[in-house]
Amino acid sequence: MTKQKSVPWWTEELTIKRKGLNALRRRSQRTKNNEELRKYRKNIHYEEKTKYQAKIKAEKLKSLKEYCKLKPRTNP
């Protein structure tokens, strides 16, 4: 039994990026003793989060454009 995607624009690449982003967040949160290292890891997490959010936005827009091409122009 295959699980249907909850949104049509979600991709396997986004799933992988989300898992990696969560790993970076956990790594930065678990760094307790070294404040410099914690800031460094937190910055990396925020940079990757920005890229992840941009990728989501691009996938949503791409999906919307594809959907609009499928619909007839007489029925917006």
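Some values worked out for this structure:
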read-out	value
Scope segment 1-46; condition at pLDDT below 95, among the polar types (S, T, N, Q) and farther than 27 Å from residue 64 by Cβ; matching residues	28, 29, 31, 33, 34
Pair list, Cβ under 6 Å, 6 or more apart: segment 48-76 residue of a type in the set (Phe, Trp, Tyr), other residue surrounded by 14 or more Cβ atoms within 10 Å (Cβ to Cβ) and modelled with pLDDT of 85 or more	52/17; 52/21
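The values are calculated or read from the model by the stated rules, or taken from the named source; none is laboratory data. Because the structure is a prediction, the values reported are computed rather than measured. Positions of Cβ are generated from backbone atoms using ideal geometry, with glycine treated the same way; all protein chains shown enter the neighbour counts.
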